[in-house]
Every structure is written in structure tokens, then in C-alpha cells.
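Below: one structure, written as C-alpha cells.
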Amino acid sequence: MCRWCRSKESTWRCDDCSGFPEGCEECFSEAHKFQPFHNVRSWTGTYYEPSFLFRAGLFIHLGHGGSPCPAPRLKKKEKNTSQKPERLSFQIGMAKAFTREYLHHDLHHTYLTVVDCNGLHQVLVDWCRCKDREDEEVQLLKFGLCPATPSAPRTAFTFRVLDDFLLQNRECKVPAMSYFAQLQRKTLDIAPHEVPGRYKELLRCARQWRLIKALRAHGHSLGGTTEAAEGGTTTTAEGGQDLHLSQGDLATSCPACPRPGINMSEGWENDPAWWKHSVTLCMDGNFKADHLKMRKEETDVSLTDGSGFMTESSAYEAHLKTQSNQKEISTCNAHRAVTQANESRGLHKDVTGIAAVACGRHGFFVPGTIVNFQKGERFCNIDWALYMALLWFTGIAQVFVLYDIWCVYGKKLWDRFRSSSTLKMPKDVVITGGIGQFHVHGHKDNCFARFSPAFLLGAGWVDGEILETLWSALNEISRSTRSMTTSHRREVLDDHMDDSNWKKLVRLAMSLVEKWRRALVEYDISVEVLGGLSEVAGVEQVQKWTSELEEAQKERLTNEKAMDLLTIQDDDAPSQASIQAKLAGQAPGQTESMTDIEWVADGIDIEVQQMQVAELVRDAETHGTAAAQKARDARRALETRLTFWLRQARVFMGSLLDATPDRKELQEHLQRAAKPRPPPMSNPISLTDIGDSPEQFVLPLPSAYGAAACARHQVADLAKYEGELRAGQMNDALNEVKLDIARKAMMYGNEIRAAKGSQAAQTRARARVARVEDDLDRHANIYRKGWEAAISLSCLNAKYEELLSSHLKASAAELNPATRGTRNSRLPWLWRTQLERGGGPDIADTYFMTVQRITWMREKCRLDRWREEIEIVGEEMERVPRYFRTRAQEWANRVGSSSVGTGYKVWARSQEAMWGNLARMADIAFKGRPPAPVHMSIQEGNTFSL
């Protein structure tokens, strides 16, 4: 019985209405007058069959609020019959079958295919026929439908399906093809191929819808005009008007980063605490976001260019034309970002990857700074990204820039800007460069003190690796952008970066509160630790060290080497970096991307990376899912790096690669020392089969074959280079081993004993000791690897002895010769090497005091960074609500404009309320935060205050 009239038999049922109502044709049609896109079923006499609502007599009348147009019906001129035969589903008489006809034979209404969230629907449309009628596409838009074509539309998309697709694409990374495929299955699951394909139409409409939503969200009326900034882009608006867009006009920016005139307080320029008003930028490259060449570039249509996050293309291309392919020389390790900068990555690609700039403190992409790579990670690409970032933060005097290879990149940065016709360094800006906390440990040891963010005055507590977390989400969409048109790819990447920024924006207040709480806790811990170290050292020594540290930090602005006082230097034991730099001019380049020295040095670094990955794999066995994922990621990164390195092996090693590795010298040496010998290999090393465990792969370095085999195959020079680099590697490792031993001894003497009586303090102290022990084992294993390689190459200096576990157990008492009962004890050989070079009998004590000084200075830097962090976060908590209120006021000002219509004003009021709500929520979140410490005295006469 009909649910509505209760007098007729039910012949229709709705699958989308609540309760699945059944009714007669007349009532059913009337009930769905304003729900024309429901999935319905009609009664066949034995069961309900999927059908369309127009078969129940429901038509869509446009132009008159759902009522039929009173004007007489016009005779259609369009050709009704299709050149293609009807679909099989239509031929066999299925009720839910899509016809290829355009006009209904009897009613003369137009068939329209509508795409909605619940599938595709075929409806009959009665257009308005009045003399002053609007165009058909306008009639559809007012009904909530986006036409697929501007004239004679036969397909339309509901606004909600376009919104749903964009949200699914942003949040779940669902590509358009997969999204439309699920709509086809929703429509006709038994024959989805019988549903009309509207994939291309979805792409086209989604691009237009994305642009309209962005323009509306950022206050750009399609009928309004704006001044165009230099390098801006032009979008054709309604009525033929041009809408000029410049850098960041369609981008969500960071509310917490300082922007003069937007979120900064008056008089900020005169604040002596300048670090509160500095900006921290993080730069990085990503080779997952590549792009295939278009077959017909002339068909590409750009909707936005430079108004989002991707940089404006014409200015960027003009900049690249002025640059040469000059090869950069690495003075640090053989970083791939340097050695592969000019390497071509496939003729089928026009873009090999992207570089991005993000604010290092909050993880917001900076508008206009995303650039494409044409080859590798060339400095000219990164220069443009940095230049656009500096333009975005115009007016900020202090900028911290964290980049994976800043030690090489920053050397000639100012020279490149001065010599460029397309780059201009902003006036009075001070740039302080650094390397992220993770990547800095992959550099030479002296880079740690010079470029670690922990030692950058005014940087606060920042790791500089925020882009790594942003890449992981962006890489998921890179697979679908690879084959898009150039402009479409740019728009999709812009959209996903904007969505990333928006999600961070709405959570920013709570994130700052968490940062604030952590800073207070870490500050208290650092005060406690530094207080203990200062008590042991004494007031006079602390004053001396404080003066030395402050002087070094001032000098660092012009000379990064001033920070070397935070590391132990030994001029008689040159580092691997210094040896590599010395040999760089002796090794002629043999490939486009590498020299002999770089290839060997890269191999030694890969060997160390193998040891790190092996450690992660062992940890994954006992530390759960997160550790296992970290190990898998590390394995993939190692495999990628190893694969590239092996491609160059044949050039440098020649016929030696066809020989079976035979480390005869090492085996004989170990046999004389009654040590177990490594098992011999029975086959040559494969350059293509790395296997599932790249950390166990034997690298085809000269040391894998021995000095005699290298001489027979004319690679003795390469073996010599490796021998010298191995000496530097052992020097670096021994230096770190001694530093770790002394640090561990100090921690036992100062922290663990001082923590007695407090279980929490003891737990924290032992955790820090465990980290030092892990570092000690790692550096000891690196030394052993270099020692074995030097034996194999027959170039081991007598001063380098085998490093045993017993050599790593020296205590503070043993290192201090004044300790009672140690007169007859002998120091391990690694300490005696300095005695033999004239260090004197108290060399271990001197070394211990040096370690004590370095430990105190590093902890002092740690305390300073946390104090700065408290001040910076406090200032950010002022800027965020101020930013929200600035945006609210901008929307309020738009309401008073006479050039906008009523609908725009209503929208402006809603946006004003949204930004106002964000400001009030931020106020409430910040009001409940714990108070900042006014001052904390860690010892008499030494007070640290904010």
C-alpha cells in the first residue's frame, strides 16, 4: 500500500530515503520533486528492479522554482539520434539503462546524465523557454548542477559530488579514475561498463570547481578586480574580466610565522629579543613528485600559475635560462644532492622532482616556493625557492634556513645572488644556515657543531626535518599527478599543499600549547643538568666557558668554524673530510656525476649506512610496528642509494669486478692474531642482485679484493685513495669513541650518582647513558670496519691497533692520573697514541677536561635553545589570534564594498564569523597554559632568567 495516499498499490521504492519508503507512481514522484537523484526501484510484478525517477513521471523544471515553464515549447533543432547503437542494457529492456538519445520522443524533454555521490542518474530536463531566459549552463548552476560543457550540456555534476571528490582526493588520496569507477559500481553493479564514462568530464569540472572554491575561500570575486603584482598571473573571470593573482593569493599561510602588517605587534623592530621575530625555513627536495612529458603541450590550459604554492612558471623558466650546469664540488661527504645534481633522470620526464620551502617550526608550505627539478637537485633550483620565500617574508630581518646540504650550498649563496640577474637578496636580511638534526649526522663530524640547530643562537628548539613528514603525505598523490597535464598537476599539488596547511591551521592553537608545555618541562630538566655540571666545574671555569661560547656564537655569523670549540680537534689526525678535500684535485672525473674520490667516499658512507640499517632491523625485532616501518623505510632508502652507486662501479673498478673477492691480507692478519677469519666468497659480486637485505650486501670497493688484486687489474690508484680515506675514517671514529667514553664516564660520575633518591631522575639519567653507549658502539664498529679495510689494502699504519671491548670501559678515575690507586694502571692504546705524539703524561686528564668543557657548553646551548623556545612560542601565541582577527577584519571590510552582490556579502559574513571563532578558540586555549618561569637560579651567582 502507498505510504502517502494509503489508497493505491505501491509500485516504487526508494533506496536512499530513510526507511526505504514504497508508494504509488503519482505520490512517489511528488515526494521526490526536490530529491531527483535518489536511487529508486520499480515493481515488475515479482520483484523491485533498479530504475530511474523519470520513468515515474518526475521531470526537472528549470528557471521557475521547480514549476514548468509557462512559455510555449520550442522545437528542438538538435539531432536526436546517436551514431552509436544503444547499450546492451538498454536493448534487453533494463529499467536502469542509459539511452544515447538526447531528446525524449514523446515529451520533447532533454535527457541529462547527472553524476551524484550515490551514482549516475539519467533525468529528463524541462528548460526555461522565456524570452529573457538565462543560458542553459546558468540554469543548471542555479539548480546546484555543474555542467560538463558550456553549451548544450548533456552531463552535469552535483555540487556535492565535486565537493566529495575533492575531499576524498585530499584526505584519502583517491584518484579521479578510482573515484569514478566506484560511482559506476554504485550505479549498476552487475554491469558497471554499461554506465556512461564521464571520467574526463569529472577531471575538467573538478579543476573548475577547485578554482571556484579557492577564489571564494580567499575572497576573490569572479566579477571583481585586483591589482596585479609583479610576476602575477591572470585568470579570465565572468563577463570577460581579468582577475589578477599574485604570489600566495590562493594559498593558506602560517598564522604563527611573523608577517609585518598582518600578525606582528607594533614596535617589534625595536625588541632586543630579536629571535622572537625571526622566521625559520626548511628546504628539501623530493624526487617522487616527477612528471612525464606531455605529447601535446599546446592543449594545456593553465587556470592558476604562481597564485598557490607552485612558483610562477614564466619567471622561473627565465631564471633557469640564465644558469649554467656548473658542477658543485662537495667539501663534505659525497651527498647525492651534490653529486647527482646534473644527472639526467630519463628522457621521458620533463620534471624529475620538486623542491619545497616550509616554515620549520609549524610545517606550513610557504606560498610560491615549490619549484620543479629538470635534472637533479641543482643549486639554481633551490636558489629560486629561497628567493621566493624571502619575498614572502619581506620585512623580516633574521631568517634561519635549514637545508640538508647547507654546508656546501651556503658557501657561495651570496655570490650566486649577487651575480644573478633574476635573484635579489632583500636589504638588511641576515641568513643563518643550518642542517636538520637527522641529516647532520650523515655529514662530517665538524658539521655537527657548525650547523646543528641545537647550536644556532636564536633558533629555539627546532629539528629542521619537518618537510620529511610533509613528503610522506604528498608522495601518495604523486603517482596520479605523474601523467597529468602540466597545469593540472600544478593545481592538484597546490590543492594538496593548501589542504595540508589548512589542517595544521585549525589545530595550530592546541599544537602551540603542547609545545609550550614541553618547553617548560625540558627547560627545568636542562637547568637541573647544567646546574650539576656547573657545580663540578666551579664558578671560575663556568665564567670562562661562558665567555668563550658567547664569543664563538658572535663570530659564527661570519665564520662557522668558530663553533669548532664544541668538538675535539686533532690536527695530527686529519678527518675523512679533510683528506677527501685534499685528494679531490688528484682524481680526474670519469663519469658525468662522480669522480674517483667521490665514488670511493660514497661507498664508505654507504657502508656506514648499512651498519645503521642493520641496527634498525635488529631493533625492529623487539620494538613493534613503528620500528619495523622505520626499518623498512631505511632499507628502501639504502637500496635506492646503493643501486645508483653500483651503476658507476664498472667505470671505476673495470675488470676487477669479474674477480672473486679475496681479502687474503686480512685473513692472514687475523690468523696470526688467532682471530676468526671471515668466510671466503665463492662468486664475483653481482651489481644487479642486491637482495632483500641491502645492509648485508658486500660493496665492491678495492678493500673487498685486496691490494694484490687491485694491482693486477690496474686499480692501484683507487686502492690508494681508499686507504687514505680509511685513515681519515679511523681518525674520525677514534675521536668520537674517546668523546663517548669521556662523556659516559662523566655521566656516571655526575648524573647517575646525583640522581640517587629519585627514581624518575635515575630513569632519565640511565636513558641518557644508554644513548651514549649506543653511540659508542656505533663509532667503535665504524673504526673496526675501517681497520679491516686498511689491513686488506696493506696500508695499515702501526699506530692503529685493534679496538677491543675492554678498551671502551675506561672510567673517570682511570682517565684522571691524580686518582688514588691508578699509578700502575695503563691506559688503552687509543689514549696512548696522543702520548706518543708529545701530549704529555696528563693527556687523558686534559682530554677529560676538554670533554667536560664541551659537555657543559652543549648543555648550555640546550638550555639557551629551550629558553628561546619559551619566548618564541609565547610570541607565537600572540601572533596566531592576531592573524585570525586580521583575516576576520578583511572579510568585514569586503561586506562594505559596493562592488559586490548580496550573496557575496552573506558569504563574507560567514567567513568573518569563522575567523572570529578561530581567534576566540585560540584565546581560550592559550589562556589555560601554565605560566612561564620568571627566573631560575641553578647556583649561587649564576642566574638564568627569561
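The numbers here are math on the coordinates, done by the rules we state, and not lab data. These numbers were taken from a predicted model, which means no experiment stands behind them. Cβ atoms come from the backbone with ideal geometry, glycine included; neighbour counts cover every protein chain shown.
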Review point. Amide H to amide H, which residues 5 or more places from LYS349 or on other chains are under 5 Å from it, using H placed in the peptide plane?
Key: LYS293
**Study point:** Chain lengthening between LYS905 and ASP564 when straightened (0.36 nm per residue, less Cα-Cα)
**Key:** 116.7 nm
Point to revise | Computed label-point distance, nm, for sites ALA628 and LYS544 using a 7 Å Cα→Cβ extension | key: 5.5
Exercise for review: For LYS785, list the aspartates and glutamates whose Cα falls under 12 Å from its own Cα; do not include residues on the same chain fewer than 8 positions away.
Suggested key: ASP605, GLU607, GLU802
Review point. Based on the Cβ-Cβ distance of CYS5 and HIS108, what FRET efficiency does E = 1/(1 + (r/R0)^6) give at R0 = 30 Å, to the nearest 0.05?
Key: 0.55
Review point. So if we plug the beta-carbon distance of ASP132 and ILE924 into 1/(1 + (r/R0)^6) with R0 = 51 Å, what FRET efficiency do we get, rounded to 0.05?
Key: 0.45
Point to revise | Cross-link pairs LYS412/LYS561; LYS84/LYS173; LYS411/LYS544; LYS444/LYS860; LYS293/LYS321; LYS276/LYS444 - those with Cα-Cα distance over 27 Å | key: LYS84/LYS173; LYS411/LYS544; LYS276/LYS444
Revision key, fill the gap. In segment 404-453, the trypsin sites (Lys or Arg not before Pro) that sit in a DSSP loop and have at most 15 other Cβ atoms within 10 Å of their own Cβ are LYS424, LYS427
**Study point:** Local electrostatic count, SER89, Cβ distance below 15 Å [Lys/Arg +1, Asp/Glu -1]
**Key:** +1
Review point. How do 7-17, 724-734, 694-704 rank on mean C-beta neighbours within 10 Å, highest first?
Key: 724-734, 694-704, 7-17
Exercise for review: Note the full-extension length gain between ASP658 and ASP428 as 0.36 nm times their separation in residues minus their Cα-Cα distance, in nm to one decimal.
Suggested key: 76.9 nm
Point to revise | Full-extension gain in nm, SER324 to ARG518, via 0.36 nm per residue minus C-alpha separation | key: 65.2 nm
Review point. If amide H atoms are built 1.01 Å from N in the plane of the peptide, which residues on other chains or at least 5 residues away come under 5 Å of the amide H of CYS128?
Key: LEU62
Practice item. Please give, to one decimal in nm, the separation of the simple spin-label points placed at LYS84 and THR44, each 7 Å out from Cα toward the Cβ. Key: 2.5
Review point. Using a ≥ b ≥ c from the Cα gyration tensor of segment 499-543 (square roots of the eigenvalues), is it rounded, prolate or oblate, where a/c under 1.5 gives rounded and otherwise the larger of a/b and b/c decides, a/b for prolate?
Key: prolate
Check your understanding: What list of ³J(HN,Hα) couplings, whole Hz, do you get for segment 110-127 from phi and the Karplus terms 6.51, -1.76, 1.60, once you set θ to phi - 60° and write x for glycine and proline?
Key -> 9, 6, 9, 8, 10, 9, 10, 5, 9, x, 9, 9, 9, 10, 9, 10, 10, 6
Review point. Using 7 Å Cα-to-Cβ label points, what is the VAL769/LYS799 separation (nm, one decimal)?
Key: 3.3
